[in-house]
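Heads up, the thing below is written out as structure tokens.
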Amino acid sequence: MEENKKEMKSEINPADSEVKEQAEYTPFVQSDFLREKIKQKPVNKKKLLRRTIITAVMAVVFGIVACLTFLLLEPVINNWLYPEEEAQQVQFPEETVTEEMNPEDMLTEEAVEEENETVALEDEQIEELLSKVQFGVEEYRMLYDELAALAKDVGRSLVTVTGVTSDVDWFNNTYENEATTSGVIVANNGRAILILANADNLLDAESIVVTFCDQKQVEAEFVQGDATTGFAILSVPLLSVEEETMDVINIASLGSSNANNLLGSPIIALGSPLGSSNSVCYGVITSSGTLIDQADSAYKLITTDIYGSRNATGVIVNMNGMVIGIIDNSYNSEDRANLISAYGISELKRTIEKMSNEEARAYLGVHGTDVPAEAAAESDIPMGAYIKEIEMDSPAMIAGIQSGDVIIQFGDTTVTCYNELLDALHHAIPGEFVNVTIMRQGADSYREMTVEVNLGEQ
């Protein structure tokens, strides 16, 4: 049996075996087993919405962080790539009271130069010489041509300041209000041009535009204002001013309003003395010694015979082209409401310096004056700053200073007049404590006492 089985196996053809294997794995046999049906995974709408919200929030956060980073780093990078020069301190030189030279003084100097040679003229000879002097229409024209040339030259330091404010009318239509005033270029601190202007029309302005003498317009920034005078300092970055404009404009030359011969001297009013920009008027000074009664100040009012606008702004200059006053008609009496008046420039210089350098100004809160030499001799009043009035709730009132006191010491500074007190206050720092020595009138005489004042800030 076993032999028969072996024979049968040996008789099987290998080719038949291969055919059998192929028959077992034909596609027809295995087709049902290999057919697959792919099902798509169901969408989880909640999960998708959650991922979408997270992505949107992350995008917003990334955008905010990117914006903040740019805003914080942009000035640093800009300064690193384009470094700006450090702003210089604005400081005006000390004034020396000068007198205008009279004709007889000029004659005396000429006589000295000519080795004291003198010429004696009889009255008849003088009259004969004067009779030969002629002053006709041509001379008048030449005179006003000289004044016009001087006004044009000074006008290079003047600007027109426009404050722009948006508003809405009854029909919800948006429109812009423009208020203009005249300003004067007072300094260049190496980084910006500094302009002094009346701030009444600029406090609520959304933007401030400065127009130079060549009609080029540049946006300006509000630096600092003074509540006492109503003036403010504006700055125009040098980088925003074209080179052609820089070649045309000038920094105003600030003169002195304390000259002895100021009364009756000829002046020119420039800016907006008639209420319109770039107007010019000629006249003379009618008074210069009137004090404006304001706290911690001794500003003097200069009046002229020039008839202008009640809202006039600008400057008045002398025949040397130097600014001696900043126009402000706020303190005119009713009978001379339209006559041009101005703050004396000498007393304003300290305020202009403080505002230009963005320095805080100390506040004491006193109205004072000098003690006249006659009163000091006759009534035995000590020399110092006589206090006429105290501002309500001011540092002076809180410290116990009263009307009628005479301040003779402010910190380390000896005070012999009111201006010396103001000068010491000008250098003081808001918030500091200062020992103030005063003389107070008693039953028989003045007695000395010291109070501690905590200075405020204007």
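The C-beta contact set for the stretch 419-435 (first residue within 16 Å of Tyr299 (Cα to Cα), second residue among the basic types (Lys, Arg) and assigned to a helix (DSSP H, G or I), distance under 6 angstrom, 6+ apart or interchain) comprises His426/Arg350. Per the listing Tyr343, Tyr363, Tyr386, the residue uniquely surrounded by 17 or more Cβ atoms within 10 Å (Cβ to Cβ), among the aromatic types (Phe, Trp, Tyr), in contact with a helix residue (DSSP H, G or I) (Cβ under 8 Å, 6 or more places away or on another chain) and closer than 30 Å to Leu234 by Cα is Tyr363.
For Asn332, the criteria (1) open to solvent by less than 40 Å² (accessible area, probe 1.4 Å); (2) modelled with pLDDT of 90 or more hold in every case but one, which is (2). Of all the residues in the stretch 427-447, those that are within 33 Å of the chain's Cα centre (by Cα) and either among the polar types (S, T, N, Q) or assigned to a loop (DSSP other than H, G, I, E, B) (or both) number 7. Answer with yes or no whether Ala337 is surrounded by fewer than 19 Cβ atoms within 10 Å (Cβ to Cβ), more than 23 Å from the chain's Cα centre (by Cα) and of a type in the set (Gly, Ala, Ser). Yes, satisfied.
For the stretch 261-293, a residue qualifies if it is part of a loop (DSSP other than H, G, I, E, B), under 30 Å from Leu364 (Cβ atoms) and open to solvent by 20 Å² or more (accessible area, probe 1.4 Å), and exactly one does: Asp293. Taking the criterion of being among the hydroxyl-bearing types (Ser, Thr, Tyr) and either modelled with pLDDT of 90 or more or open to solvent by 60 Å² or more (accessible area, probe 1.4 Å) (or both), the residues of the stretch 391-449 that qualify are Ser394, Ser403, Thr413, Thr414, Thr416, Tyr418, Thr437, Ser445. For Ile326, the conditions (1) modelled with pLDDT of 90 or more; (2) over 18 Å from Gly225 (Cβ atoms); (3) buried (at least 18 other Cβ atoms within 10 Å of the Cβ) are fulfilled apart from (2).
The values are calculated or read from the model by the stated rules, or taken from the named source; none is laboratory data. All of these numbers come straight from a predicted model, not from anything done at the bench. Please note: Cβ atoms are built from the backbone with ideal geometry, for glycine as well, and neighbour counts cover all protein chains shown. These accessible areas exclude ligands, DNA and RNA; they are computed on the full protein's heavy atoms, side chains included. Shrake-Rupley method; radii C 1.70, N 1.55, O 1.52, S 1.80 Å.
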